Amino acid sequence: MSDKVNEQELLAVLAAKTKVDPELIKRVLKHEQTFINNAKADSKGEVDIDNDDLVDYVTGQRDVKLDELTVETILDAEMDYLMDKGLAGYID
């Protein structure tokens, strides 16, 4: 996650949107960051993250007891938040 992101604000927004406990959201985001950090860049230096692979990775972690739909909802809400803040976007 970027240093520009206020983690407390992010967790509050995601909890309000998803109705999921902030501690569970924090766990999901931690595993998401690990997945992204381990992703390989292509020849242009860009990293393409497949959302299904990411959700599968997160739900496969022992300390995540959430279903795929809930994890996907959390990740989608996070992306919406980051896009609203101008910190992220989708590559066509």
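Here are a few things to note about the model shown:
- Annotation: Gln61 fulfils all but one of (1) of a type in the set (S, T, N, Q); (2) modelled with pLDDT of 95 or more; (3) out of contact with any His (no Cβ under 7 Å at 6 or more places or on another chain); the unmet one is (3).
- Unmet criterion (only one of (1) touching a Pro at 6+ places or on another chain (Cβ under 8 Å); (2) at pLDDT below 95) for Ala15: (2)
- Residues of the stretch 50-92 that are surrounded by 14 or more Cβ atoms within 10 Å (Cβ to Cβ) and over 19 Å from Arg27 (Cα atoms): Lys85, Ala88.
- In the stretch 1-31, residue most open to solvent (accessible area, probe 1.4 Å) [restricted to those that are of a type in the set (Val, Ile, Thr) and in contact with a Phe, Trp or Tyr (Cβ under 9 Å, 6 or more places away or on another chain)]: Val13
- Selection count, the stretch 1-31, where residues are in contact (Cβ under 8 Å) with a residue 40 or more places away in the chain, of a type outside the set (Val, Ile, Thr) and assigned to a loop (DSSP other than H, G, I, E, B): 2
- Out of Ala12, Ala41, Ala88, Ala16, sole residue that is of a type outside the set (Ser, Thr, Tyr) and under 14 Å from the mean Cα position of the chain (by Cα): Ala88
- Of all residues in the stretch 32-42 being outside any loop (DSSP other than H, G, I, E, B) and either open to solvent by less than 50 Å² (accessible area, probe 1.4 Å) or in contact (Cβ under 8 Å) with a residue 24 or more places away in the chain (or both), the one that is nearest to Leu75 (Cα to Cα): Glu32
- Filter pass, Asp52 being farther than 18 Å from Leu11 by Cα, free of Cβ contacts under 8 Å to residues at least 24 places away in the same chain and of a type outside the set (A, V, I, L, M, F, W, C): yes
- Filter result (touching a helix residue (DSSP H, G or I) at 6+ places or on another chain (Cβ under 6 Å) and not in a helix (DSSP H, G or I)) within the stretch 67-88: Ala88
The values are calculated or read from the model by the stated rules, or taken from the named source; none is laboratory data. Note that the coordinates shown come from a computational prediction; the quantities given were computed from them, not determined experimentally. Counting neighbours? That spans all protein chains shown, and the Cβs are built from the backbone with ideal geometry, glycine included. Please note that ligands, DNA and RNA were not included when accessible areas were found on the heavy atoms of the full protein model with its side chains. Shrake-Rupley method; radii C 1.70, N 1.55, O 1.52, S 1.80 Å.
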